[in-house]
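Q: After the structure tokens below, expect a handful of questions from me.
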Amino acid sequence: MQSEATERREAGEGIADIAVSLGVNESTMGKWLRDWGVRPATGKYGQSLAQNQWKRWTREDAVIAYTRTDLSIAERAEFLNRSYTAVAGFVRDYRQRPGDPYRIK
């Protein structure tokens, strides 16, 4: 497991995605990777190559992430081609917003 996780993280894959596929808690995987000294690859200008790191939220993506409660967070993330953490964070943060920039509340 360590070699697979290390290889995938060094290739730029997100911790949440690696953890889900290996059946490990995300925080545990993050701790292990830190303990092993594993860092993601960096691209031009030192930016991480992790999938979807700079992908902006469109209204359509926001509607799916926030309103499709018939799907789990993991299913919404897969549908949107985003990490679990990105979708869960968006839903949590959007609930706490005083405004409604995507007009979906």
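Q: Build a GNM of the chain with springs between Cα atoms under 10 Å: which of Gly12, Gly30, Gly89 gets the top mean-square fluctuation?
A: Per the Cα network of the chain with a 10 Å cutoff, Gly89 tops the list.
Q: Using only DSSP helix segments of four residues or longer, with each worth -39500 (n - 2.57), what per-residue ellipticity at 222 nm results for the chain after dividing by its residue count and rounding to 500?
A: -15500 deg cm²/dmol
Q: In the P(r) worked out for the chain, what percent of Cα pairs fall beyond 15 Å?
A: 65
Q: Can you give the accessible area per residue of the chain, in Å², using a 1.4 Å probe?
A: 66
The values are calculated or read from the model by the stated rules, or taken from the named source; none is laboratory data. This one's a predicted model, so the numbers in the text were calculated from it and none came from an experiment. For the accessible areas, the whole protein counts, side chains as well, though only heavy atoms, and no ligand, DNA or RNA atoms are used. Shrake-Rupley method; radii C 1.70, N 1.55, O 1.52, S 1.80 Å.
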